[in-house]
1. What number, in nm² with one decimal, is the all-direction average of the projected area of the convex hull of the alpha-carbon atoms of the chain?
2. Suppose each label sits 7 Å from its Cα in the direction of the beta carbon; what would the F182-E2 distance come out to in nanometres?
3. For segment 1-108, what D do you get in µm² per second when you plug the Kirkwood radius from alpha-carbon pairs into Stokes-Einstein at 4 °C and 1.567 mPa s?
4. Taking a ≥ b ≥ c as the square roots of the eigenvalues of the Cα gyration tensor of segment 197-244, is the shape rounded (a/c under 1.5), prolate (a/b larger than b/c) or oblate?
5. Apply the a/c threshold of 1.5 to the C-alpha gyration tensor of segment 102-155 and tell me whether it is rounded, prolate or oblate.
6. Expected output is a single nm value to one decimal: the length gained when fully extending between Q156 and A127, i.e. 0.36 nm times separation in residues minus the C-alpha distance. What is it?
7. Between E225 and R99, what is 0.36 nm times their sequence separation minus the Cα-Cα distance? Round to one decimal in nm.
8. First select every other residue whose beta carbon is under 15 angstrom from the beta carbon of S206; then total the charges, Lys and Arg +1, Asp and Glu -1.
Amino acid sequence: MEIPLYFYAAYRDLDRLSPGSEETTLRVIDNVDLDRDDELNILDIACGVGTSTVLLANHFEKSTVEGFDMFEHYKNNLEEKIDENGLSDRVYAYQMDMRDPDFANEEFDLVFCEAAIEIIGFKKGLAEWKRLLKPNGYMIVSDVTWLRNPSSESRQFWKNIYSEVDTIENKISQIRNLGYEFIDYVVVPKNDWKDYHNGLEKNLNSLSGDKSAKEFVNQIRKEIETYRRNTDDYSYVFYVMRKV
Ligand SMILES: C[S@@+](CC[C@H](N)C(=O)[O-])C[C@H]1O[C@@H](n2cnc3c(N)ncnc32)[C@H](O)[C@@H]1O
């Protein structure tokens, strides 16, 4: 599958392809009881431009970190970051599908997936990726979650995009039902969304003359406006859990 060029243009120079920040990711990682001096194996699923992959590598300084994405463009982005940060001895980039990750069972101490599990589905992703974790290994995923009873606009918007948007309480039950120990959750804060949307908007303005991008640009604008009108309704929420 080829991604149109305007897609890359819309996300150009953004740190992430989702709302987030170094501060938020570090708050999330703080919940795992792993020794930073150990030589751990870490996987970043659907790494996008690789910012969190590198952050994980910098935080767990002795660990091997592998990141993959479905698209060559993002694999190349991560490779560039690996070179820039001098991490080629322990960070690796692959092109791979999250529906069939080509790794052995029980290979990882930590599996991380930011803003992408909706592609396979929350329950399916957690069920299928569990095999990748060592016993007691940690899984961290973020997923779109209702923070309160949402407006009909929010409901309608997400209904067309992702059927597994749910409350924190229900997500935690699903995690437990899939045989994980639930550890904690972290809500991606409004400021992360604000910065992300401001960056996106700047890029969209530069695409205004591209007729082929019109539908795509309108969809992203709708995503931004829906969020701005309903900031208290939903967010990405990181869930930290452990394989038991
Ligand atoms: C919203 S972005 C999140 C990227 C990154 N984790 C972040 O937070 O910036 C979703 C990512 O999933 C990737 N993707 C889409 N389908 C995929 C698949 N089947 N397997 C692996 N990656 C996929 C996209 O290329 C994109 O990089």
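Read the figures in this text as sums done on the coordinates, not as results from a lab. Since this is a predicted model, take the numbers as computed values, not measurements. Neighbour counts run over all protein chains shown; Cβ positions are idealised from the backbone, glycine included.
1. Working: hull surface 50.5 nm².
Averaged projected area of the chain's Cα convex hull equals 12.6 nm².
2. In this crude spin-label approximation the distance works out to 4.5 nm.
3. Using the Kirkwood radius from Cα pairs, D works out to 89 µm²/s.
4. Since a/c reaches 1.5 and a/b is larger than b/c, the shape of segment 197-244 is classed as prolate.
5. Taking the square roots of the gyration eigenvalues as a ≥ b ≥ c, segment 102-155 is prolate.
6. Full extension of this stretch gives 7.7 nm more.
7. Stretched out fully, the E225 to R99 stretch lengthens by 42.2 nm.
8. Numbers: positive: R12, K202, K211, K214, R221; negative: D13, E201, D210.
Taking every Cβ under 15 Å from that of S206, the sum is +2.
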